[in-house]
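Asker: Just dropping this structure here.
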Amino acid sequence: MAVNYSFQEHLVDRQAKAEEEMLKKFEEGNYTLENPLVVYNAYLISPLSAVVCFETEEETPVTVTVLGKARQGNISHTFPKAKKHVLPVVGLYSDYQNKVELRLYRGDSHVVTIDVPDVFDGKQVIYSMDTTPEYLQDNIILVSPAGEDLAVGFDYAGDARWHMNVPCVFDVKRLKNGNLIMGTNRVIQMPYYMSGLYEISPCGKIYKEFRLPGGYHHDEFEMEDGNLLVLTEDLTSETVEDMCVLIDRNTGDILKTWDYKNCLDPDKVGKSGSWSAHDWFHNNAVWYDKHTNSLTFSGRHVDSMINIDFETGKLNWVIGDPTGWPQDVVDKYFFKPVGNNFEWQYEQHACVVTPSGDVMCFDNHHYGSKVRDEFLPAKDSYSRGVRYKINTKDMTIEQVWQYGKDRGAEFFSPYICNVEYYNEGHYMVHSGGIAYDSEGNPSEGLGAFAKNMGGKLESITVEICDEKKQLELHVPGNYYRGEKLKLYSDGINLELGKGQVLGQMGVTKEFDTDIPLESSGELMPESCNARIEDEDDRFTFFSRFEKGQMVMLLLEQGEEVHRYFISTTAVPFLAMCCGTFMDSDERNTRTNVNKAGLKGDYQVRVIIDDKKYETGVTIHC
């Protein structure tokens, strides 16, 4: 059977076509305040949004208000004066006849109705939201994907007011210009390494995709000049999740690279319970501190946060349990605890440096020790937000705040999660990786694996102000991080025109060994259920194989041959921070090949054991 082939147009191209059609219809019509053009989900991926277009005789500002189910649920924004108005509408309700007021500055108003279907297809997306409209106001709590549940944002009443229908994973942040930054929905290597980042409007329009040779994972940070720190890796190396790059915001070019193997010896670190030689550091957060011109990284698999000099990359200090580290490293770089009730963090996430120089993180407290015989089972574990005061002159550390320990296993997340610092005494603590096994006990396995075994996943997001809990969001599913933000902000005006795809994809790692087989002339067996999804800059080969089979994907162009090994052995991932792309059937494989380094037309063939099969597919690069 010939392999099923399809070409996937880039979202930027699809959105450009949709926008052109919308603007053409606007230009050809006579759309006024009383009769505006309303385009629901205009950019295809934000189904709780719309765009409204109309003209006015005079230049005038316009205030758009999505009318809440109660007055406190109103979401408003005033756009600058214009005659032609192309206005993004965000904050619509799912499965609801939304009323949206358009009001001219000191002038007339009109209310339009936007019917929105059930964008969640009947799926329950929230258990409860405990807060007040006075506290949350018109902010939403946005939770980003770590599994099959996609990004969603909730208002004070627990109503979903923002959603994406494509899996843009890992962290979501608001940029200084009002746009959002998030991982793309394009996997370039399993289990969760993405092509890069999207700069995107809350209404779903992608302004830029920043592609990276080593892909993107976990976290990013906007510098004061707008350039972006991005966590990445060298996809051709033997290790993962141990690099950071600085990319140019305008061009996508890489300006600077930090490889943590230059400041730490992977063979001489204090290993966490999830450590592996392949994923020796597992960086899940980056923070730039302008006061010291330094970078802080969170290394889950060394139970430590490390700080390095921005210019030289040299190690400044380490926060973590010194057990298992070389004594000379401990003496030079580690802090000594002082004060009462001090505890180290274990397999932490999401480091934050406060304005005063304190360091916060989400202490997953997974295993609760670096000594295997002292590892805690899930039922006896806890997670917490924690704040440490550090003194880099005398190298002391004091625990000055924590939240979550007293909640025990109900708040325990062995992976993912974050904390946010808003002001002194005002924090968010997001426990997004809570999992129970099929019998209702706290799961020993991470969320994606617990789910596949019939377990139940949850997330709890809490905000604390002056030691008082002001908000608690409880939702089904695991979510990577929680963020509080307004859907509208200054600078959120819709920018028209096609988005940009910047940066470069890396060359996909190849297999060196040649297997000298002639083509059998036969198409791949039907049992493989093979298909290829092609794109401008890469393609993905999906197929099913039996455990233990020897499989290799080949791209052949005359004498030129590129070989890509496909593993049919189950890989024990110890840090599945994003299970969105996992397949419940271990026989199913997903092989991504970037077109970087390739040129011309290639015949796709596949070796299975001792036979070379045809696919009937030609890839153009």
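Taken together, the values in this text are just the output of simple stated rules run on the coordinates, not laboratory data. Being a predicted model, the structure only gives us computed values, none of them experimental. Cβ: placed from backbone, ideal geometry, glycine included. Neighbour counts: every protein chain shown.
Asker: Whole Å is fine, so just give me how far the alpha carbon centre of the stretch 350-413 lies from that of the stretch 105-171.
Answerer: Distance between centres, Cα-based: 31 Å.
Asker: Would you mind calculating the relative contact order of the stretch 52-187 from Cα pairs under 8 angstrom and at least 6 residues apart, reporting the percent as a whole number? Don't skip to the end; give the middle numbers.
Answerer: Values: 256 pairs, mean separation 23.7, N = 136.
Taking the mean separation of contacting Cα pairs over the length of the stretch 52-187, I get 17 percent.
Asker: Give me Rg/Rg_expected for the chain, where Rg uses Cα atoms only and Rg_expected = 2.2 N^0.38 Å with N residues. Write out the running numbers ahead of the final one.
Answerer: Working: Rg = 25.4 Å, N = 621, 2.2 N^0.38 = 25.3 Å.
So the chain has a normalised radius of gyration of 1.00.
Asker: Any aspartates and glutamates with Cα under 16 Å of the Lys176 Cα? List them, leaving off those in the same chain fewer than 8 positions away.
Answerer: Those aspartates and glutamates meeting the cut-off are Glu199, Glu220, Glu222, Glu224, Asp225, Asp248, Glu483, Asp490, Glu495.
Asker: Which order do the peptides 377-388, 420-431 come out in when sorted by mean C-beta neighbours inside 10 angstrom, highest first?
Answerer: 377-388, 420-431
Asker: Continuing with this model, one more query. Where the centre of each part is set by its Cα atoms, how far does the stretch 1-53 sit from the stretch 522-543, in angstrom?
Answerer: Using only Cα atoms, the two centres lie 29 Å from each other.
Asker: Under 8 Å for C-alpha pairs, at least 6 residues apart: give me the relative contact order for the stretch 495-554, rounded to a whole percent.
Answerer: It rounds to 20 percent for the stretch 495-554.
Asker: Identify the trypsin sites (Lys or Arg not before Pro) of the stretch 289-353 meeting these criteria: DSSP loop state and at most 12 other C-beta atoms within 10 Å of the C-beta.
Answerer: Taking the stretch 289-353 and a limit of 12 other Cβ atoms within 10 Å, the loop trypsin sites (Lys or Arg not before Pro) found are Lys290, Lys314.
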